[in-house]
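Asks: Below you'll find the structure I mean.
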Amino acid sequence: MNSTSYYNENRDALFEQYHSHDPAIVHRAWAPRFLKDRKPGFACDIGAGSGRDANWLAGQGWEVVAVEPSRFREPGEQNAHPRVIWLNDALPEIRKLRALGHRFDLILLCAVWMHVPQSSRERAFRVLTELLSPSGLLVINLRLGRDEEENRSRGFHPISADELLGYARDRAVSLRFRDKLPDRRRGHIEWEWLVFEIPDFARTGRLRSGVGSRFLEETAGAPEDCQWRSRSGC
Ligand SMILES: C[S@@+](CC[C@H](N)C(=O)[O-])C[C@H]1O[C@@H](n2cnc3c(N)ncnc32)[C@H](O)[C@@H]1O
């Protein structure tokens, strides 16, 4: 099964199912903290599904590009908020999105990372961070499902926060938030939320020479730079 066939085959039923979730509740772990005082700008929702979250962001004033490679995109386009445009594109290359030449203040990947094979994930992370503007946020949530049969049949790849933290460290991207929540309906699934930020060196003046892991070493543990509640390392 490729990463879009399930969504192509079950488009209409999934539309109902995904829209039965209130996005304010889906995003309760990170959004109140990070969106409250942030002026709405350009956002991108990658693996946008049927557009629930893209419309939710647009309703708060964001201009949104919704990127979705499956036919799940079609009802999304039909029900799009006026501030949402749709693209048929996919990770890791997201060529059409990059060709737009935009930089985004917010990039959201909600329940998408497990569709990207391990061999493409480092590149995908690099491509995503290169699309962010200074102080831009990259919000990724990881579907951590314990049902091996479901993971196999849906073609989900094993993923972990630690892998992402390694990519972030290599690219001087700072982790601002990390938290894990149980799925509200299914006991075998947890969702791990990670919020990364591209440092705005012009604003903070914190990095005087060189980039890379030194930025994280300098800022790790500083409460204003890295706020998360899990046990493993930052
Ligand atoms: C579990 S759904 C999540 C949809 C939406 N983000 C949400 O939270 O409701 C995963 C989505 O990722 C999309 N997807 C699969 N492979 C992808 C890829 N390589 N790049 C971008 N999106 C992908 C699927 O088509 C599907 O719409």
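Here, each number is a calculation from the coordinates, and none is a lab measurement. Not measured: the values here are computed from a predicted model. Glycine also receives a Cβ, built like all others from the backbone with ideal geometry; neighbour counts cover every protein chain displayed.
Asks: Where the second residue is assigned to a loop (DSSP other than H, G, I, E, B) and the first is more than 9 Å from the ligand (Cβ to nearest atom) and lies in region 3-32, which pairs have Cβ atoms under 7 Å and are six or more apart or on separate chains?
Replies: Once the first residue is more than 9 Å from the ligand (Cβ to nearest atom) and sits in region 3-32, its partners that are assigned to a loop (DSSP other than H, G, I, E, B) give Arg11/Arg71; Arg11/Phe72; Phe15/Ser50.
Asks: Test each condition in (1) surrounded by 23 or more Cβ atoms within 10 Å (Cβ to Cβ); (2) part of a loop (DSSP other than H, G, I, E, B) for Val64 and report the one that comes out false.
Replies: All conditions are met except number (2).
Asks: Further question on the same structure: Go over the candidates Arg28, Arg33 one by one and state the one that is of a type outside the set (Val, Ile, Thr), surrounded by fewer than 16 Cβ atoms within 10 Å (Cβ to Cβ) and not in a loop (DSSP other than H, G, I, E, B).
Replies: Arg33
Asks: Take residues that are touching a residue at least 60 places away in the same chain (Cβ under 8 Å) and tell me which of the strands (runs of 3 or more DSSP E) falling wholly in region 72-190 contain 1 or more.
Replies: Passing ranges, in order: 104-110, 132-145, 174-182.
Asks: A follow-up question, please. From Pro69, Pro82, Pro75, grab the single residue that is near the ligand (Cβ under 9 Å from one of its atoms) and surrounded by fewer than 22 Cβ atoms within 10 Å (Cβ to Cβ).
Replies: Criteria check complete, one pass: Pro69.
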